[in-house]
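Taking it in order: structure first as structure tokens, then the write-up.
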Amino acid sequence: MMSMKDILREWKRAIAMAGAAAALGGSACVEAADRPNIVFMMADDLGYGDLSCYNPQAKGDAPNNTQIRTPNLDRMARNGVRLTDFHSAAPICSPSRRALLTARYPNRLGEWAEAYRSCPDGVVAAKDPTIGMWLKQAGYATACYGKWNIGEVKGVSWPGAHGFDDWLIIDHNTGYFQHQNDNGDCQGREMLFKTGGKRVTSLRGKFLTDIWAEKAISFIDTNQEKPFFLYLPFAVPHNPLQDPADPSLGYKDSPERQSPAAREAYVKMVEHLDSRIGTIFEALKSRGLTDNTLIIFTSDNGGMLSANNWPLKKSKQWLEEGGIREPCLMQWPGVIPPGTVSRQPSIMMDASVTMVAAAGALGHVPPGRTLDGIDLLPVLRGTAKPIEGRAFGWRRRDWSANANALRQEAYRQGNWKLLRSYRPTGKGTRSAQHADELFNLAADVSETTNRVQGEPAKYAAMKLAFARWKQDVVEQKPDYLIPVRDQFGSPAKYPPLAMLFGFEAERFDGHFLTRNNEARVSDPEIREGIFKVRLSPGLVHPIPILYRDGAVATDEFSNMRVRMKVTVEDGTGCGPAKALLRANGWKGKDLPFAVNADGEWHEYVIDTTKSPAWHEWTTRGRIGINLPVPDKSPVVVEIDFIKLEKR
């Protein structure tokens, strides 16, 4: 049997050969005329046991559990291959999607947890090229229709910066008919964007899955004469759970989780997804494109809400198999034998490399660029033996379903899996001891028997191998805040800072919370780079807040700098403003600071380290300012910027 070192050596040699051939105008095994169209479809939070081709007897303990009818995906399994040991790169949305697009572990990209609107983790297009870029460079027409969820910084994080010619996306979960997120501070926020970053409101009232399927068919029609790459990251069955046949349902009408009603809505959403996938299959068939199209279907992570992850343990958010093992189907007539089942251990980045290799586009991967996946086609088509002893790793950092109460990491080599959990000890610290578990997945896919005590030699070997793996897969620090020299273009005037708010003419990446004070907040606008609003006396809790969500490099920054002008219309004085510092959701302690209400510009520097929240920050933190409170007459508040800086 080949050692892991031998396997890696042979794989790197194959990549180099394929890359060299592609650079000469073709690939080692794909002629330009034979390049397939590629359709990659992904569900969101789909359970491993939710497709009838994976669970025909509907086993499992989902509420009101019945078989979900997925005839089109079942037919895809019969026409191609069903992978039973395929894994996502992370147990949550954003890291998994980043891994797919870059063919790299999310840890290499500084992606530990979720991507929120204020965390422009998508700022990687220049230094972290994507499969969209490589396929576009290889002559493919490219499109993305669906849930993007890897950042929403206009012109930087959106699909156009990642190699996609055309796109229609949401960046986060939203009402399927309303296309708005009614969740707390996001209430009423438009969530559907098209090519160029323009908001789309004309499609409101139409179920998102229908919109994206129709866009996909239109794209296929337009690009029949050239190879195309169609990326369809559908949003279902992620919450809110909404019956696709009932447009009256709002975001908050989603039934209680884990209830029979929730399962009923969940089933309808998955069956509706299958039917829309069927329309895409029919579009390919009717245009004579099926035989030359590679189609892949999977999920971004394990199921949640009312999903059925049978026979796996736990769900989304966790590194047990229920959080990371996904259904995966691949179809390519004449290449992948029909009706096959593959037990080849594999991961999301394998799908990435498989698509790029099938397109003969490996030559567009920058020299020296490490890809964390392999081309599965030789194994799937039967021209190569299954690869034994592959190693995979996962890390789950910061926010979790337990409100940041758990961190996990896992390592898989062959059939063995080491699972390690960290637990908190309070005051932002975590236990030094790891609760290690060791499982033989070949005999115990449900992870019921911890073999740490029974297999001491294997346990020791796995710990050592994991440590070496982590040395190779170097973990980057998340870079959620965009560093800027100075938004006015004068680097000598201000020291290097991290921008929290720098206001553009059309929009800014953050939130302005005015709940309970709508009648006392008037004329908010952004003009010539300045945010301006009028506040009247009588403000009630919560005082209007300008803020953004997400991770902050608290070990690098210690001051908040605010440039603000406050003008009192009639009278003098007003109450203080506050630096808003919330470590997790709305939990934290703010820091008040006095303001000069003299109608002149002033800069205020607040020592953020004085708030306990600064030392307990999570990726669900919130940062910004509470605006100053008017005394007896209205005030006009103008803000140039809010930044972070080193002390």
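The values are calculated or read from the model by the stated rules, or taken from the named source; none is laboratory data. The shown structure was predicted, so the numbers you read here are calculated from the model rather than taken from an experiment. For neighbour counting, all protein chains shown are included, and Cβ atoms are generated from backbone atoms with ideal geometry for every residue, glycine included.
Exactly one residue among Y459, Y411 is under 23 Å from the mean Cα position of the chain (by Cα), at pLDDT 95 or above and surrounded by 14 or more Cβ atoms within 10 Å (Cβ to Cβ), and that residue is Y411.
Here is a list: I526, I530, I545. Which entry is under 29 Å from the mean Cα position of the chain (by Cα) and more than 15 Å from W614 (Cα to Cα)? Write out each step before concluding.
Details: I526 fails: under 29 Å from the mean Cα position of the chain (by Cα); I530 fails: under 29 Å from the mean Cα position of the chain (by Cα).
Only one candidate passes the filter, namely I545.
Condition check ((1) buried (at least 21 other Cβ atoms within 10 Å of the Cβ); (2) more than 23 Å from N517 (Cβ to Cβ); (3) among the polar types (S, T, N, Q)) across all residues:
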site	(1), (2), (3)
V568	no, no, no
K578	no, no, no
N584	no, yes, yes
A594	no, no, no
E600	no, yes, no
T609	no, yes, yes
V637	yes, no, no
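State yes or no: is N626 farther than 16 Å from L500 by Cβ and either buried (at least 18 other Cβ atoms within 10 Å of the Cβ) or in the same structural domain as M560 (by TED's automatic domain parsing) (or both)? Please lay out each step first, then the result.
Working: farther than 16 Å from L500 by Cβ: no; either buried (at least 18 other Cβ atoms within 10 Å of the Cβ) or in the same structural domain as M560 (by TED's automatic domain parsing) (or both): yes.
No.
Would it be correct to say that P247 is modelled with pLDDT under 95, of a type outside the set (A, V, I, L, M, F, W, C) and part of a loop (DSSP other than H, G, I, E, B)? Here the answer is yes, as P247 does meet what is asked.
When you check K316 against the structure, is it over 23 Å from P56 (Cβ atoms), modelled with pLDDT under 95 and out of contact with any Leu (no Cβ under 7 Å at 6 or more places or on another chain), yes or no? Can you show your working first?
Values: over 23 Å from P56 (Cβ atoms): yes; modelled with pLDDT under 95: yes; out of contact with any Leu (no Cβ under 7 Å at 6 or more places or on another chain): yes.
Yes, satisfied.
Checked across the range 598-616, the condition of being among the basic types (K, R) and touching a helix residue (DSSP H, G or I) at 6+ places or on another chain (Cβ under 7 Å) holds for no residue. The residue that is farthest from L289 (Cα to Cα), counting only those in the range 196-251 that are among the hydroxyl-bearing types (S, T, Y) and buried (at least 20 other Cβ atoms within 10 Å of the Cβ), is Y251.
Determine if the range 554-567 includes at least one residue that is without any contact (Cβ under 8 Å) to a residue 40 or more places away in the chain and over 27 Å from the mean Cα position of the chain (by Cα). Reasoning before the result, please.
If we filter the range 554-567 for residues that are without any contact (Cβ under 8 Å) to a residue 40 or more places away in the chain, which is where we start, we get 555.
Now restrict to residues that are over 27 Å from the mean Cα position of the chain (by Cα): none.
No, every residue in the range 554-567 fails to be without any contact (Cβ under 8 Å) to a residue 40 or more places away in the chain and over 27 Å from the mean Cα position of the chain (by Cα).
Restricting attention to helices (runs of 4 or more DSSP H) lying wholly within the range 315-415, give those where 1 or more residues are among the hydrophobic types (A, V, I, L, M, F, W, C), over 30 Å from A460 (Cβ atoms) and in contact (Cβ under 8 Å) with a residue 12 or more places away in the chain. First the steps, then the outcome.
Numbers: elements: 321-324, 348-358, 377-380.
Fully inside the range 315-415 and qualifying: 348-358, 377-380.
Quick check on the range 488-503: of everything there that is buried (at least 17 other Cβ atoms within 10 Å of the Cβ) and not in a strand (DSSP E or B), which residue is modelled with the highest pLDDT?
Pass one, the range 488-503, residues buried (at least 17 other Cβ atoms within 10 Å of the Cβ): 494, 497-498, 500-503.
Next, from what is left, pick out any that are not in a strand (DSSP E or B): 494, 503.
Numbers: Y494: 31, F503: 70.
For the range 488-503, the residue satisfying everything is F503.
Restricting attention to the range 534-574, which residues are within 13 Å of V629 (Cβ to Cβ), of a type in the set (A, V, I, L, M) and part of a strand (DSSP E or B)? Step through it out loud before you land on a result.
In the first step, residues of the range 534-574 are kept if they are within 13 Å of V629 (Cβ to Cβ); the result is 535-545, 566, 568, 573-574.
Next, only the ones that are of a type in the set (A, V, I, L, M) stay: 535, 539-540, 543, 545, 566, 568.
Once the filter is applied, which keeps residues that are within 13 Å of V629 (Cβ to Cβ), of a type in the set (A, V, I, L, M) and part of a strand (DSSP E or B), the range 534-574 yields L535, I545, V566, V568.
Counting the residues of the range 161-200 that are closer than 22 Å to E518 by Cβ, modelled with pLDDT of 85 or more and more than 19 Å from the chain's Cα centre (by Cα) gives 1.
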